[in-house]
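Please read the structure below before turning to the comments.
The values are calculated or read from the model by the stated rules, or taken from the named source; none is laboratory data. All values reported here derive from a predicted model rather than from experimental measurement. A quick note on method: Cβ atoms are made from the backbone with ideal geometry, for glycine too, and the neighbour counts reach across all protein chains shown.
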Amino acid sequence: MFKFFLSVLFIVILSGCQSTKITKEEAFPKMYQEKPTSILVVPAINNTTAADAAELYATTIARPLAEAGYYVFSVPYIEHFLQREGIVDGKQARSIPVSKFKELFDADAVLFVTLNSWDTNYYVTGGDVTVGARFELVSTQTQDVIWQYDDVVVHNTSGNSGNLIADLISTAIATALVDYVPIAHIVNQRIVNSMPVGKYHQRHNSDGKDKGVIASKVTQTGS
Amino acid sequence: MNFKYLSMILVAIALSGCASKTLYHWGNYSDTLYASIKEPTAESRAKHKAELSNIIAKAEQKKKKVPPGIYFELATLEANDGNKEKAKEYFSKEISLFPESKKYVELALKEMES
């Protein structure tokens, strides 16, 4: 059972290593053409079984975007503003013409996210939290999708003392009591790493040749 | 023994290197915000408000910038508490740090005055 698991893991890692990588410029040319400086985050669409997922996203997404050099509008303020207009979830947020966000807030781009999975998994002496999300950054000027990423991030919560019983218990505890905020941070950071950096970042406009974007995670618009 | 010590130093250097690479000081922003949303009580709100002030104070100490939205959020909380002058001060700090915020600060100021 363990040997089988190991060989599956091996294949997964191998396939990861062999994924075609392209440069940021190749993946997201519109980001370099438009050079958005500010990003407005709307509530996520939550398709996961974790009721908390949208809130975990909302409270952790600002940081990687800001560290990537973008001005980020206060996520809780925007959430309250939208709620007062009757927009309470991500599906409703999508029905607003994006130019409205330029008109009201002067936002250059709007970040939409669909949370597809948020699962806590137990296996032999291991545990993990698996989060799958699809991100789309839409220009308020052109209504084009200028950045997108679709990823599944696995965060390991396994115990590894070498003692089977101790590991089973510590994994179960760690996985059950895990503080999901740091995990949400890790997921968001992983995904935002593919984004060209913005105005406030040192490498603004000079990261185009960075080759680290996995082509298969950059999906076609609308698919 | 020596190798262990050396690797500890290397880890410390690597970690500190990672830390100094961030643009901003974030403190416990996500944790207090999450708590105030999950259980919206006067206490959790006060904790988040305190954390926002803390971030501003610590950022100065650590010579890092205050992140986007921190002054803005603190301003909105002060406005809700009726401290209009403080709110105005924090709103204008947000604009001076981030000119991109001008329009929505003006929106928030209008909301405060109405």
Checklist outcome for this item: Per the list (1) closer than 27 Å to B:Glu106 by Cα; (2) out of contact with any Pro (no Cβ under 7 Å at 6 or more places or on another chain), residue check on A:Ala50 breaks on (1)
Item to check | Cross-chain or 6+ apart pairs with Cβ under 7 Å, segment A:189-203 first and crowded, with 17+ Cβ neighbours inside 10 Å, then among the basic types (Lys, Arg) | outcome: A:Pro196/A:Lys24; A:Val197/A:Arg203
Checklist entry - Given B:Ile95, B:Ile56, B:Ile37, B:Ile13, which one is away from every other protein chain (no Cβ under 14 Å), on the phi < 0 side of the Ramachandran plot and either touching a Lys or Arg at 6+ places or on another chain (Cβ under 7 Å) or at pLDDT below 95 (or both)? => result B:Ile13
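Looking at segment A:28-61, which of its residues are part of a helix (DSSP H, G or I) and closer than 16 Å to A:Ser194 by Cβ? Quick ask: steps written out before the conclusion?
So in segment A:28-61, the residues part of a helix (DSSP H, G or I) come out as A:29-34, A:53-60.
Passing the criteria: A:Pro29, A:Lys30, A:Met31, A:Tyr32.
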Checklist entry - Which of the residues spanning segment A:103-152 are touching a residue at least 40 places away in the same chain (Cβ under 8 Å) and within 14 Å of chain B (Cβ to nearest Cβ)? => result A:Phe105, A:Asp106, A:Ala107, A:Asp108, A:Ala109, A:Val110, A:Leu111, A:Thr140
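Have a look at B:Lys102, B:Lys86, B:Lys63 and point out the one that is part of a helix (DSSP H, G or I), of a type outside the set (Val, Ile, Thr) and farther than 21 Å from A:Val41 by Cβ. Spell out how you get there, then give the answer.
Numbers: B:Lys102 fails: farther than 21 Å from A:Val41 by Cβ; B:Lys63 fails: part of a helix (DSSP H, G or I).
Of the residues listed, the single one that is part of a helix (DSSP H, G or I), of a type outside the set (Val, Ile, Thr) and farther than 21 Å from A:Val41 by Cβ is B:Lys86.
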Checklist entry - Among the residues of segment B:51-61, is any closer than 19 Å to B:Thr22 by Cα and touching a strand residue (DSSP E or B) at 6+ places or on another chain (Cβ under 6 Å)? => result no
Item to check | Single condition B:Pro68 does not satisfy, out of (1) assigned to a helix (DSSP H, G or I); (2) closer than 30 Å to A:Ala51 by Cα; (3) facing chain A (nearest Cβ under 10 Å); (4) not charged (D, E, K, R) | outcome: (1)
Checklist entry - Looking at (1) at pLDDT 95 or above; (2) within 14 Å of chain B (Cβ to nearest Cβ); (3) farther than 29 Å from A:Asp210 by Cβ; (4) surrounded by 14 or more Cβ atoms within 10 Å (Cβ to Cβ), can you tell me which one A:Lys100 breaks? => result (4)
Checklist entry - Of the residues that sit in segment B:98-114 and are crowded, with 17+ Cβ neighbours inside 10 Å, of a type in the set (A, V, I, L, M) and within 11 Å of chain A (Cβ to nearest Cβ), which one is nearest to A:Tyr70 (Cα to Cα)? => result B:Val105
Checklist outcome for this item: Here the residues within segment A:25-61 that are in contact (Cβ under 8 Å) with a residue 40 or more places away in the chain, surrounded by fewer than 20 Cβ atoms within 10 Å (Cβ to Cβ) and within 14 Å of another protein chain (Cβ to nearest Cβ) are A:Lys35, A:Thr37, A:Ala50, A:Asp52
Item to check | Residue count for segment A:62-78, restricted to those that are at the interface with chain B (Cβ under 9 Å from one of its Cβ atoms) and either in a helix (DSSP H, G or I) or of a type in the set (S, T, N, Q) (or both) | outcome: 10
